[in-house]
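Remarks on the structure that follows.
We did not get these values from a lab; they are worked out from the coordinates using the rules stated. Note that the structure is predicted; figures quoted are calculated from it, not measured. Cβ placement follows ideal geometry from the backbone for every residue including glycine, while neighbour counts extend to all protein chains displayed.
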Amino acid sequence: MTQYIYSFGGGKAEGNASQKNLLGGKGANLAEMAILGLPVPAGFTISTDCCNDYFRAGGKLPEQLYCELDKAMSKIEQFMGKKFGDPKNPLLVSSRSGARSSMPGMMETVLNVGLCPATIAGLIKQTGNPWFVYDAYRRLIMMYSDVVMEKAEGLEPKDGMGIRLHLEMMLNDLKNDRGYSTDTEITAEEMSVLCDKFKRKIAQHLGVEFPDDPREQLLGSIGAVFKSWNGKRAVSYRRIEHIPDTWGTAVNVQSMVFGNMGENSATGVAFTRDPSTGVNTFYGEWLPNAQGEDVVAGIRTPNPLNNDTKSDHNRHLPSLEEAMPQIYGELARIRTILEHHYKDMQDIEFTIEQGTLYMLQCRVGKRTGTAALNMAMDMVEEGLIDEPTMVNRLHPNQLDEMLHPIVDPEAAKEAKVLVQGLPAGPGGACGQIVFTSDDAVYWKRKGKSVILVRDETNPEDIEGMRAAKGILTARGGMTSHAALVARGWGKCCIVGAGALKIKSNLKELHAGGKIYREGDFLTLNGTTGIAYEGKLKMKDATANPKFRQFMAIADKYRTMKVRTNAETPKDAAQALEFGAEGIGLFRTEHMFYGADSEKPLFLLRKVILSKTPHEREIALNELYPFIKKEMQGTLEIMDGKPVTFRLLDPPLHEFVPHLRENQEELSRELGIDIEEIEKRSKALEETNPMMGHRGVRLGITFPEITKMQFKAIFEASAELIKLGKSPLPEIMVPVTCNEKELIFTKRLCVEVYEDVLKRHGVDSIAHQFGTMIEIPRAALMSHKMAEHAEFFSFGTNDLTQMTFGFSRDDIGSFMNDYIDNAILDADPFATLDQEAVGSLIEISVKKGRETRPDIKLGICGEHGGDPQSIEFCHKVGLTYVSCSPYRVPVARLAAAQAAIKYIKPS
Ligand code: PEP
Ligand code: MG
């Protein structure tokens, strides 16, 4: 028979820290602390299995639980020397939730269970403090009626006026009538009368009597905590954190200890090291004569724990070290025991009841990225952990914080949220709203910081995107134009914020029932996807001196290479700085987006709109030096490291000019009238451009465009070789679906290659010829593709688009509904869908290697910078991942962690 209840107390426990799945994080650690001999009030944990059985039985506690409950309660009674429901010497308990991973504040708690008219007198005798007892009763009535009688019963209060609010109003009315400013001024007699009034109000409001029977209170509170697993807050939190509904919560029933029993009582929270800097000092706050909820409620300013935690805020208040030196000493000793035992920073909660210290909770403490890095490195030096553990202590995404300024989390707590979208570009940005690219450039010139707000962006917005501090779009997904470009630049960006209504003509933005105009301030948090009203404080995340050292250690464990997606010498240099080992994707068409791109963009448009081969040849010759220059600059910077040049892959419509002045200039240049320009532009419009005339298909229709690119690559390389450099170009053909496309393109490549060798008098140029695998057919036909490709690079943006049939530019409008309804766990454009897209990759890897065992395999879709997807790449044996420059450190760390996870035992 399954055991539902696990007891702890008196230096013993039936569970332990390894049983988080069964006992929840809180329960497992309470058991572990009891085993360590720490002063934990006796109690027991009801397992998550019981929670699941409770739901399976339609919200009924299993029969077996009742018998286990009696036994477990009598154990607590023995440890504490008190009896539950006993009129003379009553035991009170708390009933708290505790899931496998912490869900702070998302579920319910009931305190002081067991207090009722029958036990009140006994407790007054025990404590000699009637005020305290009636205050505890008042708190129980408020919590119980709210959590058990209203929320757990699924009662939706009208106009948000739940029972708790009614009772709070009564408490305030009493204080106002008497002219009191704090609860402590209320007399015990008045408090007792108030409790009776509360109970009458509950009966009248909810139609049920408040239960003054301790056992009924206990059972009610256990059921209510289980039910809170399916409360609104908990369910939405699980969706955001990807926590499965099937985990369930445990319930911890524990003997009550009181921090509000007078001046020698207190309650507090502490971290065994500073969670914001990582410095090895004991860090915390406490409140004399208070209960835990008072610290969290933030009504009183908490006192500092010790000298190290004094600040301008709390310096005037005595520290625990000063006020209760002996207890502080005991707590400091516990701090060391816990750190040595768990070998990690712990977040602890404690209560001091009339001079006796009790531990109520310990768990691994949350920390900033900088703190995580600093303390992990310190712990290696202290001999607490080994290097692989250190590498695992930092979530790769936490590195982001160290590379970008971030929104100050304290400021964000107070701020008004404007809208939530997809977190497309990292860090934070604050500036004034502008609605057009030109305005962004103009305002920037005037020395202003701006946020460019658009429905979506296209290449014509590029200058404005450069000029803006941050970008906010109403449409688009994680791989939309704005997202790709912003991430590439390391620029803060939120896309797909569907709740925005942008009226560009009026220069107005409508959100949350308010209108924001040009010049109003906005702050974006590109790491969470939240946009805030106003100007929030930013934190400067200056480079951490330990960062390089940490990364160098991580690199020792990594087996996959990390490359970058970059298309200008500037971006390449930035990526090198972050540790890139080559370029995995040089999107040739992206050089038409960046700074100083006006001229080449104009020439590309000329190529696109040329009608005759002659017109096109002239335009191509003019464009050639620009392309060669960027390619050569990049090869030079990456000297000795591979650079994968992808042949032009623009959906042509993206480059067609829409502005009148651009059209006029082209018409002058091509010697044709503007109507003809419009006609040619119209002819390029496609119903489904993502599946239209792009990638390799362009070069099949216009081989001269492809040949111009080969010429640029080989001539740039030949010239560098003559200067004593070692260029390593790799040529990559995009959007292929069969091997004949490769044969066709390779023939052009060989032709140009031999011509360049001859003309430049060099013997050879080391290079490779390969393809992207981004169409399911290509993945399935990889054995044939590999006959002509020396490498594959998985273009998982398009591969995801074509496997799901989801348009990568339009998913912003419906992806949230998929996530909210748990149809998908995550956006497949951000985190690789390992089930299907991953299967295609596995098939392709296997088939590719069958034909060409030494084939080089990489990934260059956005997933190449996503930690979970990187782990998958390691598992299937890719040679490298490639991601935008600012993701390079993230990818290095994720690749190291994957290697450590799958290390083969020697
Ligand atoms: C891809 O499709 O994954 C890719 C890298 O190419 P692009 O995003 O440029 O289509
Ligand atoms: Mg692609």
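Which is farthest toward the positive dipole end of region 88-181 among ALA152, LEU167, ASN112, measuring Cα position about the Cα centre, with Cβ charges +1 (Lys, Arg) and -1 (Asp, Glu)?
Toward the positive end, the furthest listed residue is ASN112.
Once the other residues with Cβ under 10 Å from the Cβ of PHE578 are scored (Lys, Arg +1; Asp, Glu -1), what is the net sum?
+1
Going by how many other Cβ atoms sit within 10 Å of their own, how do GLU751, GLU862 line up, fewest first?
Ranking GLU751, GLU862 by Cβ neighbours within 10 Å, fewest first, gives GLU751, GLU862.
Please report, in debye to the nearest 20, how large the charge dipole of region 331-466 is about its Cα centre when each Lys and Arg carries +1 at its beta carbon and each Asp and Glu carries -1 there. Please list the in-between numbers first.
Details: 15 positive and 22 negative charges, 66 e Å.
Roughly 320 debye for region 331-466.
Nearest 5 percent is fine: what portion of the DSSP beta bridges confined to region 405-515 is antiparallel?
Antiparallel bridges make up about 45 percent of those DSSP assigns within region 405-515.
Does anyone have the angle between helix 546-557 and the longest principal axis of the chain? Alpha-carbon axes, 0 to 90°, nearest 10?
Long axis of 546-557 versus the principal axis of the chain: about 70 degrees.
Given Cβ point charges of +1 (Lys, Arg) and -1 (Asp, Glu) and nothing else, what value in debye, to the nearest 20, does the dipole of region 132-217 about its Cα centre take?
Values: 12 positive and 18 negative charges, 14 e Å.
Dipole magnitude for region 132-217 comes out near 60 debye.
Seen from all sides and averaged, what is the projected area of the convex hull of the Cα atoms in the chain, in nm²?
Here the figure is 42.7 nm², rounded to one decimal.
Can you check what the net charge comes to around ALA766, using other residues whose Cβ is under 14 Å from the Cβ of ALA766 (Lys, Arg +1; Asp, Glu -1)?
Summing Lys/Arg as +1 and Asp/Glu as -1 gives -1.
Using only Cα atoms and rounding to the nearest 10 degrees, what angle (0 to 90) does helix 739-760 make with the longest principal axis of the chain?
For 739-760 against the chain, the angle is about 60 degrees.
Just from its helices, what would the mean residue ellipticity at 222 nm be for the chain, if runs of 4 or more DSSP H residues each count -39500 (n - 2.57) and the sum is divided by every residue, rounded to the nearest 500 deg cm²/dmol?
The per-residue figure over the chain is -13500 deg cm²/dmol.
Taking the Cα centre of the chain as the origin and placing charges on Cβ (Lys, Arg +1; Asp, Glu -1), which of TRP489, GLY122, LEU857 is farthest toward the positive end of the dipole?
LEU857
Within region 195-209, whose backbone N sits under 11 Å from a point 7 Å along Cα→Cβ of TYR180?
195
Beyond 21 Å between alpha-carbons counts as too far, so tell me which of LYS491/LYS539; LYS227/LYS416; LYS556/LYS641; LYS60/LYS83 fall in that bin.
Check vs 21 Å cut-off fails for LYS227/LYS416; LYS60/LYS83.
Filter LYS201/LYS413; LYS707/LYS846; LYS82/LYS197; LYS469/LYS546; LYS561/LYS875 down to the pairs with a C-alpha to C-alpha distance above 23 Å, please.
LYS201/LYS413; LYS707/LYS846; LYS82/LYS197; LYS469/LYS546
Tell me, what is the percent relative contact order of the chain, built from C-alpha pairs under 8 Å that lie six or more residues apart?
After rounding, I find 9 percent.
Among DSSP beta bridges whose residues both lie in the chain, state the antiparallel percentage, nearest 5.
If I count the DSSP bridges inside the chain, around 65 percent turn out antiparallel.
If we sort 777-783, 559-565 on the protection proxy, mean other Cβ atoms within 10 Å, highest first, what's the order?
Ranking the peptides 777-783, 559-565 by packing returns 559-565, 777-783.
Residue farthest toward the positive end of the dipole of the chain, with Cβ of Lys/Arg at +1 and Asp/Glu at -1: which of GLY11, GLN398, GLY695?
Most positive-ward Cα: GLY695.
Using only Cα atoms, find the angle between the long axis of helix 163-178 and the longest principal axis of the chain, and express it within 0 to 90 degrees, rounded to the nearest 10.
The answer is roughly 60 degrees.
Can you give the charge dipole size of the chain about its Cα centre, rounded to the nearest 20 debye, using +1 on the beta carbon of Lys and Arg and -1 on the beta carbon of Asp and Glu?
Roughly 780 debye, rounded to the nearest 20.
If amide hydrogens are placed 1.01 Å from N in the peptide plane, which non-local residues have theirs closer than 5 Å to the one on MET772?
Residues meeting the amide H criterion: VAL733, VAL735, THR736, SER793.
Cβ neighbours within 10 Å, averaged per peptide: list 668-681, 647-660, 136-149, 205-218 in order, most packed at the top. Can you show the working numbers first?
Details: 668-681: 14.4, 647-660: 18.2, 136-149: 22.9, 205-218: 16.3.
Result, highest mean first: 136-149, 647-660, 205-218, 668-681.
List LEU472, LEU91 from most exposed to least, where exposure is judged by having the fewest other Cβ atoms within 10 Å.
Fewest to most other Cβ atoms nearby, the residues stand as LEU91, LEU472.
Could you list ARG887, ARG892, ARG849 so that the one with the fewest beta carbons within 10 Å of its beta carbon is first and the one with the most is last? Present the calculation step by step, with values, prior to reporting the outcome.
Numbers: ARG887 33, ARG892 27, ARG849 17.
Taking fewest neighbouring Cβ atoms as first place, the list is ARG849, ARG892, ARG887.
Can you tell me which of 78-86, 265-273 comes out highest on packing, and rank the rest after it, using the mean Cβ neighbours within 10 Å? Before the final figure, lay out the partial values.
Numbers: 78-86: 17.0, 265-273: 24.0.
Taking the mean over residues of other Cβ atoms within 10 Å, the ranking is 265-273, 78-86.
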